[in-house]
Each structure stands twice: as structure tokens, then as C-alpha cells.
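S.K.: My questions all concern the structure below.
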Amino acid sequence: MRDVGLLLDAMSDKSLWDFEVTPLPAGESFQKAAIRGAQRDKGDEALRVSFSNLGCKVRSDVEVLCRDAASRLAQIGNPRPDALKELPHEAIDCQMAFKAFQVLRGAAFAFLFKDVTAEVEPYIKPELVWNIHLGRHRQIGGLAKGCLQDMVTLEAQVKRVFEENDILCTPATLDAAFDAEVRYPTEQCGRDFSNYLSWMEIACIPTMMLCPALVLPCGFLPDGRPVGLQILGAPGNDALVLEAAAALEKLLDLPRQCPEPRLGTAPLNTVGPRSADEAKAHHDGEVQRRIDAYVAGDTGFWASVRRFVSAFSRF
């Protein structure tokens, strides 16, 4: 974590960031925050830590590892078994956040790749083509407006969460590492995924929460696959996230070197496309399926308009 702090300090002139960075207090640095975290002990004020799966179904032994790590973080300076709190399910509307992520990402991709033509598409990976086509759908503009309003609601929810918590911990993924020869999983934890983003839902939601997030290795499954804990802080409080991660890094004392890629000894049985053609086939019809799902789940202004038109058409 000290290396991460040093990297962030090297970028602190803002020239390498594509968004406004919250300035650190005078004399503070990210590296100092990491050092301070590594030096935390029982005499320091405890961090208020909560845990959540963000509405996602997570593999049970992955969740156990993540919960244990989060609990150990919460007990630094507060050695009580109940130091870790559970974030109430209703605290964050995770379904709304993930919908906003997919809709606004599609709209952004349509803008960024507006010059991509049908002649060029065969040379672009099909996952990206799907994102572009989703953003070009005639209904995406109205949906995006609704999602921007949802972001106001989400911002208020996040603010309330971090009025009562310093750190929110979640699993970084639904399962541990999958077969590297698979482009992305289409099945995990009893769920089927209809596009390449869905297996990353638990990481996409914090993106829409606008929270600084860091993933720290927190242990290994019996088959040797690593598991990561996602550590979130209030928007703008990047230094505290780094401090908490450094404290947990020291406590867990896991190997810090980058592991050498190797084939495992346990069969992973990952289900998912292994070629571009398979990925393209998997996304066939997904634009309309997403639009239908978003429209059906929209209870705001546009849903009211559709109900009015539907009622009027009966006469």
C-alpha cells in the first residue's frame, strides 16, 4: 500500500487525472496515509466498518474470507466480536445503481465511438460493439435522463451511509479467479449473465456510488485461488481508504509479490465464451433485452408516459 500511496502522490499534480481530485490537507500525502495505516494498533481510534454484498449473490467461502478480513479491520482498536456492522439492504439501491451503470455506460460508448461504422465493427471485439449499439438505441436518451436523476438519489444514500461508517467492505467479485482462457463467465453462483458486464456487478455498483475503492488480497480458497476484498470510503476520502487497506495488509501479512501465472491443479469448469464468435452469439438480442428490462423496471416519468399512452390507445 505504501507503493500505491507513492504512485498517487506522483500523480497529485492532477495532470494525469480525468476528474477533479479532492486536495489533501496541508502536509498530508497518500504515502503518509499508508504509513499511518500500517502503524495502527490497539491504542488508535477504531474505524467504523460495515460489510455488504451489495445485493449480489456471492460464493459462500468467498464471502466468509471477505467477512473475516473486514471483521479484523473493524477490530483494530476495537477488539469486540461485533465490531463489524452489517450494512442494511435498503441503505443502497443497488439494482438502481447497476441499471444506471449499464445505461450511462452505453450512452457514453455511443458518444465515444460515434464514428464507428458497420464496416469497422467486424474488427472490434463484440462486447464493445454491443455496448455501442445499446447506447445508440432510440430509447437510451430517455432512460439516461432518468438514470441521471437516480444518481441524485444514490448520492444521498451514499452520504447517509458514510455519516455512520468510515469504511464499507464488500467482496471484490462473486467468485474467485476463473479460467483465463474464458473471455468472461456467463454463469456464476447459480446466476446466468446475459452480457459481459453482469459478472462484475459488485464492482460496477461502487463506480456509480462515486466512492474511492481499492481491492486488497484477503486470502485463498482451498484450491489456491486468491480472493479480494473491496474497500470503499466516502467520496473524496481516498486517503482513508488507503490507510485502512495498509492497516489490513499488515494484519493479514499475505505475500506481497505479484504471483507467477500458472495453471492450477483444480478444474475450474468456467462457463463462458472462448472466442469472439461465441461472445458475439452470446450478445445477440441483448440490446433489446436490456432495453425491455430497463423500461419494465422504470417507475419514473417515462413509465408514467408509457402508461398514459397505453391507456389512451384503448379508446
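The values are calculated or read from the model by the stated rules, or taken from the named source; none is laboratory data. Quick caveat: nothing in here was measured; it's all calculated off a predicted structure. Glycine gets a Cβ as well: all are built from the backbone with ideal geometry, and neighbour counts include every protein chain shown.
S.K.: Quick check, is ALA69 surrounded by fewer than 16 Cβ atoms within 10 Å (Cβ to Cβ) and either aliphatic (A, V, I, L, M) or touching a residue at least 40 places away in the same chain (Cβ under 8 Å) (or both)? First the steps, then the outcome.
M.R.: Values: surrounded by fewer than 16 Cβ atoms within 10 Å (Cβ to Cβ): no; either aliphatic (A, V, I, L, M) or touching a residue at least 40 places away in the same chain (Cβ under 8 Å) (or both): yes.
The answer is no for ALA69.
S.K.: Continuing with this model, one more query. Being modelled with pLDDT of 95 or more, buried (at least 19 other Cβ atoms within 10 Å of the Cβ) and out of contact with any helix residue (DSSP H, G or I) (no Cβ under 8 Å at 6 or more places or on another chain) is true for just one of ILE231, ILE202. Which residue is that? Give the derivation first.
M.R.: Details: ILE231 fails: out of contact with any helix residue (DSSP H, G or I) (no Cβ under 8 Å at 6 or more places or on another chain).
None of the other options fit; the residue is ILE202.
S.K.: In the range 95-117, which residue that is without any contact (Cβ under 8 Å) to a residue 24 or more places away in the chain and not hydrophobic (A, V, I, L, M, F, W, C) is surrounded by the most Cβ atoms within 10 Å (Cβ to Cβ)?
M.R.: Initial filter on the range 95-117 (without any contact (Cβ under 8 Å) to a residue 24 or more places away in the chain): 112-117.
From what's left, not hydrophobic (A, V, I, L, M, F, W, C): 114-115, 117.
Details: LYS114: 10, ASP115: 6, THR117: 6.
Within the range 95-117, the match that is surrounded by the most Cβ atoms within 10 Å (Cβ to Cβ) is LYS114.
S.K.: Same structure, new question: Checking the conditions here, which among PRO185, PRO217, PRO222 is outside any loop (DSSP other than H, G, I, E, B) and within 20 Å of ARG59 (Cα to Cα)? Even if it seems obvious, please write down each step before you answer.
M.R.: Values: PRO185 fails: outside any loop (DSSP other than H, G, I, E, B); PRO222 fails: outside any loop (DSSP other than H, G, I, E, B).
Going through PRO185, PRO217, PRO222 in turn, just one is outside any loop (DSSP other than H, G, I, E, B) and within 20 Å of ARG59 (Cα to Cα): PRO217.
S.K.: Among the residues of the range 291-311, is there at least one that is modelled with pLDDT of 90 or more, under 30 Å from ARG72 (Cβ atoms) and in contact with a helix residue (DSSP H, G or I) (Cβ under 8 Å, 6 or more places away or on another chain)?
M.R.: Taking every residue of the range 291-311 in turn, none turns out to be modelled with pLDDT of 90 or more, under 30 Å from ARG72 (Cβ atoms) and in contact with a helix residue (DSSP H, G or I) (Cβ under 8 Å, 6 or more places away or on another chain).
S.K.: Now for a separate question. If I filter the range 43-63 for residues that are closer than 29 Å to GLN157 by Cβ, part of a helix (DSSP H, G or I), at pLDDT 95 or above and not aliphatic (A, V, I, L, M), do I get at least one hit?
M.R.: Scanning the range 43-63 turns up at least one residue that is closer than 29 Å to GLN157 by Cβ, part of a helix (DSSP H, G or I), at pLDDT 95 or above and not aliphatic (A, V, I, L, M).
S.K.: Also, I was wondering about something else. Looking at the range 212-228 only, could you name the residues that are buried (at least 22 other Cβ atoms within 10 Å of the Cβ) and in contact with a Phe, Trp or Tyr (Cβ under 9 Å, 6 or more places away or on another chain)?
M.R.: Correct list: VAL227 only.
S.K.: So which residues in the range 81-128 are of a type in the set (Phe, Trp, Tyr), modelled with pLDDT under 95 and within 17 Å of the chain's Cα centre (by Cα)?
M.R.: none
S.K.: In the range 176-220, which residue that is of a type in the set (Val, Ile, Thr) and in contact with a Leu (Cβ under 9 Å, 6 or more places away or on another chain) is farthest from ASP166 (Cα to Cα)?
M.R.: Keep residues of the range 176-220 that are of a type in the set (Val, Ile, Thr), which gives 182, 186, 202, 205, 207, 215.
Still in the running and in contact with a Leu (Cβ under 9 Å, 6 or more places away or on another chain): 182, 202, 205, 215.
Working: VAL182: 37, ILE202: 19, ILE205: 18, VAL215: 16 Å.
Restricting to residues being of a type in the set (Val, Ile, Thr) and in contact with a Leu (Cβ under 9 Å, 6 or more places away or on another chain), the top hit is VAL182.
S.K.: Still on this structure, I have one more. Picking from ILE76, ILE92, which residue would you name as being β-branched (Val, Ile, Thr), more than 21 Å from LEU252 (Cβ to Cβ) and buried (at least 21 other Cβ atoms within 10 Å of the Cβ)?
M.R.: Only one candidate passes the filter, namely ILE92.
S.K.: Which residue pairs have Cβ atoms closer than 8 Å, lie 6 or more positions apart in sequence or on different chains, and pair a first residue in the range 177-199 that is over 20 Å from ASP277 (Cα atoms) with a second residue that is at pLDDT 95 or above and among the aliphatic types (A, V, I, L, M)?
M.R.: Every condition considered, the pairs that remain are GLN188/LEU174; CYS189/VAL58; CYS189/LEU174; ARG191/LEU174.
S.K.: Would you mind telling me which numbered condition in (1) under 18 Å from LEU232 (Cα atoms); (2) crowded, with 16+ Cβ neighbours inside 10 Å LYS32 fails?
M.R.: The one condition LYS32 does not meet is (1).
S.K.: Right, another one. Being charged (D, E, K, R), surrounded by fewer than 18 Cβ atoms within 10 Å (Cβ to Cβ) and closer than 30 Å to ALA281 by Cα is the filter here; which residues of the range 154-188 pass it?
M.R.: Residues of the range 154-188 charged (D, E, K, R): 155, 159-160, 163-164, 166, 175, 179, 181, 183, 187.
Those still in the list that are surrounded by fewer than 18 Cβ atoms within 10 Å (Cβ to Cβ) too: 155, 159-160, 163-164, 179, 181, 187.
Residues satisfying the conditions are ASP179, GLU181, GLU187.
S.K.: Could I ask something else about it? If you check LEU143 against the conditions, is it in contact with a His (Cβ under 9 Å, 6 or more places away or on another chain) and either over 30 Å from ASP277 (Cβ atoms) or buried (at least 21 other Cβ atoms within 10 Å of the Cβ) (or both)?
M.R.: Values: in contact with a His (Cβ under 9 Å, 6 or more places away or on another chain): yes; either over 30 Å from ASP277 (Cβ atoms) or buried (at least 21 other Cβ atoms within 10 Å of the Cβ) (or both): yes.
Yes, satisfied.
S.K.: Would you pick out the residues in the range 118-162 that are part of a loop (DSSP other than H, G, I, E, B) and free of Cβ contacts under 8 Å to residues at least 40 places away in the same chain? Reasoning before the result, please.
M.R.: Here is the first cut: in the range 118-162, the ones part of a loop (DSSP other than H, G, I, E, B) are 118-120, 124-125, 137-139.
Of everything in the range 118-162, those that are part of a loop (DSSP other than H, G, I, E, B) and free of Cβ contacts under 8 Å to residues at least 40 places away in the same chain turn out to be ALA118, GLU119, VAL120, ILE124, ARG138.
S.K.: Which condition number in (1) within 28 Å of ASN131 (Cβ to Cβ); (2) in a loop (DSSP other than H, G, I, E, B) is the one that ILE202 fails?
M.R.: The number of the failed condition is (2).
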